[in-house]
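Only one structure is covered here, and it is reproduced in the block below.
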Amino acid sequence: MALVIEIMENTDATGFKLYDLTLWAGGFDNTKITDTSTLVLEVEYDGDTYTYTTPTGLYTDMGINGTYINLCGTALNSYFTVTPDKLYNGTTQLNSAYFPDGYYEITLYVTYDAVAEEDYSHQGFLAENYMMASKLPLTIDIDNFDYEENRLQFLCIALLRAATWAADLGRQTEFEEITTKVNDFLDARSINEIWSA
Amino acid sequence: MTWDTVKIHDLLTDFKTLTVKMAWALSRRLSLAQPIDGYLDDFYFMCNATFAIEEGSSNFEDVDFDYLYSIYTKMLVRHNRYKGLNIPAHHDAH
C-alpha cells in the first residue's frame with residue numbers, strides 16, 4: 001500500500017482540496033492511526049516549509065472517524081479543504097486569505113498500521129494568473145487588426161496551461177521561467193493583479 | 001498496440017514534457033526577440049492534444065492512441081530540430 005494524494009486549487013485561490021486516492025489494504029480503518037499526531041501536512045512554497053497548525057490538529061479538523069473510507073471522508077471523491085491561514089512556518093502564516101500564485105510542493109505524512117507513509121504532489125497554483133488571462137483577448141480593432149498581437153495573446157493562455165504541466169512534472173525551473181514570461185506579458189498590457197495587488 | 005492505463009499515463013507524461021519544453025523554448029525566443037513562427041502551430045497542437053488526453057482519455061480507442069503516439073514522435077523530432085536554431089547552446093540545455 002502506498003499513500004496517494006491529489007491536490008486541486010480552488011479557482012479563487014482561497015484554498016486547495018486535498019483528496020486521498022490511496023488503495024487502503026483491507027479498507028481504511030481509522031483505528032490503525034494510533035498516534036493521530038503522525039498525520040501531518042506540509043506545504044513548501046518559495047523556499048519555506050509551512051505546516052498545517054491548529055489548536056485541534058489535522059486529524060480532528062479532517063473529522064476522521066470510523067465511518068471514513070479514506071482519510072478525507074465517506075466517499076471516494078471526498079476532500080478536505082486546506083486554507084492558507086492554517087499553514088505556519090514557525091509563527092509566520094503562509095497567507096491570511098489566499099494562496100499566492102507559484103510553485104508548491106505539498107506532502108502528507110501519516111503512520112498507519114505502524115508503517116510511516118507519505119506522498120507529495122508538485123503543483124502550480126495559478127488561479128490569479130488564469131483569472132487575469134481570462135481578460136484576453138483584449139479589444140480588437142478590426143479595421144487595424146494586429147495579427148502579431150492577437151497571436152501573442154492566445155499564446156499567453158497556452159503558456160499558462162504549459163506552466164501548470166511543468167509543475168505537475170516537478171520542473172520548477174521551466175515553471176518559473178514560463179510564468180515570468182506570462183506575468184511580463186500581462187503587465188505590459190496593464191492587466192493587473194486581482195487579489196494580490 | 002493495446003493501450004492500458006499505464007501506457008496512457010506514460011504517453012500523457014511524454015506529451016506534457018514535450019509541451020513544457022516547447023513552451024520554455026518559446027518564452028526564451030520571445031525574450032530574445034527571435035521568430036517563433038516555426039513553433040506556434042506545433043505548440044498549439046501539443047497543448048490541445050495534451051489537454052484532450054488529460055481530460056478525456058476514455059474517449060480514445062487504441063487506434064487513436066497509436067495516431068497520437070506517431071504524432072508525438074514527429075513533434076519531438078521537429079522540436080529537436082527547431083530548438084537548435086538561433087538559440088545559443090548555453091540557453092537551451094533541455
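Taken together, the values in this text are just the output of simple stated rules run on the coordinates, not laboratory data. Nothing here was measured: the structure is a model prediction, and the numbers come from that model. Using ideal geometry, Cβ is built from the backbone for each residue, glycine included, and neighbour counts are taken over all protein chains shown.
Residues in segment A:131-161 that are part of a loop (DSSP other than H, G, I, E, B) and in contact (Cβ under 8 Å) with a residue 40 or more places away in the chain were compared, and the one that is farthest from the other protein chains (Cβ to nearest Cβ) is A:LYS135. Check segment A:105-124 and report whether any residue there is crowded, with 21+ Cβ neighbours inside 10 Å, in contact with a helix residue (DSSP H, G or I) (Cβ under 7 Å, 6 or more places away or on another chain) and under 28 Å from B:ALA52 (Cβ atoms). Yes, the conditions are met somewhere in segment A:105-124.
Of the residues making up segment A:162-174, those that are more than 8 Å from chain B (Cβ to nearest Cβ), in a helix (DSSP H, G or I) and within 14 Å of A:TYR104 (Cβ to Cβ) are A:THR164, A:ALA167, A:GLN172. Filtered by the rule that a residue be farther than 19 Å from A:ALA2 by Cα, in a loop (DSSP other than H, G, I, E, B) and touching a helix residue (DSSP H, G or I) at 6+ places or on another chain (Cβ under 6 Å), segment A:35-63 gives a lone residue, A:THR54.
Residue count for segment B:1-53, restricted to those that are under 20 Å from A:GLU174 (Cα atoms), in a helix (DSSP H, G or I) and within 11 Å of chain A (Cβ to nearest Cβ): 30.
Do we find that A:THR164 is touching a helix residue (DSSP H, G or I) at 6+ places or on another chain (Cβ under 9 Å), surrounded by 15 or more Cβ atoms within 10 Å (Cβ to Cβ) and on the phi < 0 side of the Ramachandran plot in this structure?
Against the criterion (touching a helix residue (DSSP H, G or I) at 6+ places or on another chain (Cβ under 9 Å), surrounded by 15 or more Cβ atoms within 10 Å (Cβ to Cβ) and on the phi < 0 side of the Ramachandran plot), A:THR164 qualifies.
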